[in-house]
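The values are calculated or read from the model by the stated rules, or taken from the named source; none is laboratory data. Values in this document were obtained by computation on a predicted structure and should not be read as measured data. FYI the Cβ positions are ideal-geometry reconstructions off the backbone, even for glycines, and counts take in every protein chain you see. Keep in mind that these areas ignore ligands, DNA and RNA; they rest on the heavy atoms of the full protein, side chains included. Shrake-Rupley method; radii C 1.70, N 1.55, O 1.52, S 1.80 Å.
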Amino acid sequence: AILSLLFITSFSFVPAAFGAGATDAIKSGLGQASEKAGLTEKDDITKEDGSQKKITAIISGVIRTVVQILGVISVILIVYAGGMWLTAAGNETKVTTAKKILVSTLLGVIIVGLAYSITFFVIAQLLL
């Protein structure tokens, strides 16, 4: 239960760690990549209301949305596993299953965080 609480609390710091600076760097890197690919302002996507949106803004928005969705899914899994553990009433099978879910979720969050960090680093370094 303490591990779950600690883990859920750590999610409040994820936006601060990966938030504005990382998003700005990704947008900058994607902008440079689109220029190298020959995409110009004319290649922006025109929405129905006539306004244009840069391709780089769309891609960075998709990346940010995917990471947020995975964060929500991991919190749900942690709460589910914690509830399973709390209601196990000494049933070792339920406790073992809950522990497996918690460990798998923690590993998944670490992998997603590292993948996001690597993506940010690669875009920032290769496209400068």
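Kindly indicate whether residue 73 is free of Cβ contacts under 8 Å to residues at least 40 places away in the same chain and open to solvent by less than 90 Å² (accessible area, probe 1.4 Å).
yes
Those residues that are among the β-branched types (Val, Ile, Thr) and at pLDDT 90 or above, I need them from region 67-88; list them, please.
Result: 69, 72, 73, 75, 76, 78, 79, 87.
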